[in-house]
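One structure below.
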Amino acid sequence: MITFDNRGVSPSSSPAAPYSVDQMVGDALALLDHLQIRVARIAGHSMGGWIAETIAGRHPERVRAALPR
């Protein structure tokens with residue numbers, strides 16, 4: 001299992017706000033790419049759920065299962 005905090009959420013860095021869902025989707029996909037994970041089960045709570053849902057909708061080839069909460 002891999003967990004991470006979105007930009008602006010401690011202890012992650014806080015680049016200048018505002019942050020968009022598109023940016024955070026890009027962050028999540030970039031992390032998966034960096035870890036060489038092509039397909040994943042993704043889950044998210046609150047804003048993370050929105051991110052998980054967006055990834056599943058826009059990049060279904062990258063998602064084995066999604067659990068937005």
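All of the numbers you see were taken from the coordinates with simple rules; none came from a lab. Bear in mind that the values here come from a model prediction, so they are computed numbers and not experimental data. FYI the Cβ positions are ideal-geometry reconstructions off the backbone, even for glycines, and counts take in every protein chain you see.
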Subset of the stretch 53-69 (residues that are outside any helix (DSSP H, G or I) and either surrounded by 13 or more Cβ atoms within 10 Å (Cβ to Cβ) or out of contact with any Lys or Arg (no Cβ under 9 Å at 6 or more places or on another chain) (or both)): H59, V63, A66, L67, P68, R69
Some residue of the stretch 23-45 being surrounded by 17 or more Cβ atoms within 10 Å (Cβ to Cβ), on the phi < 0 side of the Ramachandran plot, in contact with a Gly (Cβ under 8 Å, 6 or more places away or on another chain) and not β-branched (V, I, T): no
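Here is a yes/no grid of residues against (1) of a type outside the set (D, E); (2) in a helix (DSSP H, G or I); (3) over 16 Å from A66 (Cα atoms); (4) in contact with a helix residue (DSSP H, G or I) (Cβ under 7 Å, 6 or more places away or on another chain):
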| residue | (1), (2), (3), (4) |
| --- | --- |
| Q23 | yes, yes, yes, no |
| D27 | no, yes, yes, no |
| L31 | yes, yes, yes, no |
| Q36 | yes, no, yes, no |
| I42 | yes, no, no, yes |
| I51 | yes, yes, no, yes |
